[in-house]
Amino acid sequence: MEILDPWSPIILRDNYSQTDFKSVISKWKSLPVIGNGDVERDGGQSSVMYSRESHDHPHLWPEFEGYRNHLNKILNEALNLWKINGTPYTPTDSWINEHPINAWTDEHNHKGASFVIVYYLHVPENSGTLMVRDPLEYHWAGSQGPDQRGEGNIWYKVGPVRTGDIVMFP
């Protein structure tokens, strides 16, 4: 059987592991805590509220200059693959999340964003992974017969993730 796939790839991954993790974390830990957003669970922490209120977005910090340069290169490739090239896109909002053992970010969306870029600055051994909702969930739920994918199997694991992984998806 031949697979016909007329759609653009949905999830893209690249890697840039040259950011100085320790200097970024040191700077992040010095920021004032302004809430934690509403999706961090079991000890997860986020600078999302600080970044939104202060407009001090981490992707603009000098520590991320090499990452920004790398991102500009791969972003053009992603836009071509998604067939939305010709429109300039630049990251406008960013924050840092930290998850100790067993902490996690709950399901959420990024309203108004054309796509999401996740950068894994530091991934310790035996860490979790990024999970995204199956975009065809609505279709599979209405199919006849039992769901062979398993009850409630609406999640796709993007992983394992590694330090320096950049994952992009609409």
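The values are calculated or read from the model by the stated rules, or taken from the named source; none is laboratory data. These figures come from a predicted structure and were not determined experimentally. Neighbour counts run over all protein chains shown; Cβ positions are idealised from the backbone, glycine included. Side chains are part of the model used for accessible areas, which takes the heavy atoms of the whole protein and leaves out ligands, DNA and RNA. Shrake-Rupley method; radii C 1.70, N 1.55, O 1.52, S 1.80 Å.
Assorted remarks:
- Candidates D5, D106, D56, filtered to the one that is open to solvent by less than 50 Å² (accessible area, probe 1.4 Å), within 23 Å of L136 (Cα to Cα) and among the charged types (D, E, K, R): D106
- Lone unmet requirement of (1) exposed (fewer than 15 other Cβ atoms within 10 Å of the Cβ); (2) more than 25 Å from W155 (Cα to Cα) for R133: (2)
- Which numbered condition V48 fails, given (1) farther than 20 Å from H99 by Cβ; (2) open to solvent by less than 40 Å² (accessible area, probe 1.4 Å); (3) touching a residue at least 24 places away in the same chain (Cβ under 8 Å): (1)
- Test: residue in region 150-168 that is modelled with pLDDT under 90, surrounded by 15 or more Cβ atoms within 10 Å (Cβ to Cβ), out of contact with any Lys or Arg (no Cβ under 8 Å at 6 or more places or on another chain) and part of a loop (DSSP other than H, G, I, E, B): yes
- Region 61-80: number of residues that are loosely packed, with under 14 Cβ neighbours inside 10 Å and not charged (D, E, K, R): 6
- Residues in region 8-40 that are open to solvent by 40 Å² or more (accessible area, probe 1.4 Å), charged (D, E, K, R) and either closer than 18 Å to V123 by Cβ or part of a helix (DSSP H, G or I) (or both): R13, D14, D20, K22, K27, K29.
- Among (1) on the phi < 0 side of the Ramachandran plot; (2) over 13 Å from the mean Cα position of the chain (by Cα) - the single one G86 does not satisfy: (1)
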